[in-house]
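A.B. asks: So that we are looking at the same thing, I have put the structure below in structure tokens.
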Amino acid sequence: MAVDAKHVIFYGFPFIYKCEGFHTSLSTQYFIAPLLLNMAVYFLFWVVIVGIINRFYKARIPLLLVRGFWMLSMVYVSFSLVISIQLYDDYRWQRDFDVQIYETGIDVPFIGPKDMAYYMEKYT
């Protein structure tokens, strides 16, 4: 929950980099510094895992498969940017508000977010 603001669900691990926009409905706020730190943590994690695997087993990945993955990732990033620009999202370097975390969890695709009514009644 954002302190002195409405109840929202935050996204990001290990740092919060995204939440619902406060300025208009259907918008999102992105925080660039935590997003970059999250990407660095993920990158280092996978470099270590691949390095450990590569020490025992040398995998040869076909160039066609590598190019296919690059193409799919570029299409995904492009569509995400187009949708984000059209919805008047807000980009900030860092969060300018404090948060109180009442519950943590994992977001499962195609299953809606947890019901916040319990927490809204309990903490307001």
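A.B. asks: Hey, got the dipole for region 10-108? About the Cα centre, +1 on K and R Cβ, -1 on D and E Cβ, debye to the nearest 20?
C.D. replies: Numbers: 7 positive and 7 negative charges, 164 e Å.
The calculation lands at about 780 debye.
A.B. asks: Provide Phe31, Phe22 in ascending order of the number of other Cβ atoms located within 10 Å of each residue's Cβ, fewest first. Don't skip to the answer; put the middle values down first.
C.D. replies: Details: Phe31 23, Phe22 13.
Ascending number of Cβ neighbours within 10 Å: Phe22, Phe31.
A.B. asks: Name the shape class, rounded, prolate or oblate, that the alpha-carbon gyration tensor gives for region 10-108, where a ≥ b ≥ c are the square roots of its eigenvalues, rounded holds for a/c under 1.5, and otherwise prolate holds if a/b is larger than b/c and oblate otherwise. Intermediate values should be presented prior to the final figure.
C.D. replies: Working: a/c = 2.95, a/b = 1.61, b/c = 1.83.
The shape class here is oblate.
A.B. asks: Return Tyr57, Tyr11 ranked ascending by Cβ neighbour count within 10 Å, so the fewest neighbours appear first. Don't skip to the end; give the middle numbers.
C.D. replies: On the way: Tyr57 7, Tyr11 14.
By the 10 Å Cβ count, ascending: Tyr57, Tyr11.
Coordinate-derived values only; no laboratory data. No experiment lies behind these values; they were computed from the predicted model shown. Virtual Cβ from ideal backbone geometry, glycine too; neighbours counted across all protein chains shown.
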